[in-house]
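Colleague: Sharing a structure, written as structure tokens. Questions coming.
What follows draws every value from the coordinates through simple rules; no lab data is involved. This is a predicted model, so every value here is computed, not measured. Because the Cβ atoms are built from the backbone with ideal geometry, glycine has one as well, and the counts that use them run over all protein chains shown.
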Amino acid sequence: MFKGLPKVFWAGMGLLYGWFFLFFLLEITVPGFPLKKFLGIPGCYLYNWILALWVLNMIVAVIFYRSEETREERKAKK
């Protein structure tokens, strides 16, 4: 099932799931971590809503897009 997937796919998944597991471990080990205030709002809104849903996914999308473009260029040169 995962045999033909490019290496950049695994890099993107490692980035997304690494983010998840990092903050999962922080939330279960640091008391009160997700609800600590930063700029007047709970920190979990910042690192989950803004960074994880928008910024991180945009970075992964750009990585996937650029790698596909370079793969197509290499394929066209052959």
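Colleague: Please compute the length gained on full extension between MET13 and LEU25, using 0.36 nm multiplied by the number of residues separating them and subtracting their Cα-Cα distance.
Modeller: 2.5 nm
Colleague: So if I take the alpha carbon set of segment 9-77, get Rg, then get Rh from the Kirkwood formula, what is the Rg over Rh ratio?
Modeller: Reported Rg/Rh (Cα atoms, Kirkwood Rh): 1.18.
Colleague: Treating the angle as unsigned and between 0 and 90°, give the value, to the nearest 10°, between the Cα long axis of helix 56-77 and the longest Cα principal axis of the chain.
Modeller: So the helix axis and the longest Cα principal axis differ by about 10 degrees.
Colleague: Here's a follow-up. Given the options PHE24, GLY12, TYR45, identify the residue whose Cα lies farthest towards the positive end of the charge dipole of the chain (+1 on Cβ of Lys, Arg; -1 on Cβ of Asp, Glu).
Modeller: The residue sitting most towards the positive pole is GLY12.
Colleague: Specify the angular offset, from 0 to 90 degrees and rounded to the nearest 10, of the alpha carbon long axis of helix 7-29 from the longest principal axis of the alpha carbons in the chain.
Modeller: Helix 7-29 sits at roughly 10 degrees to that axis.
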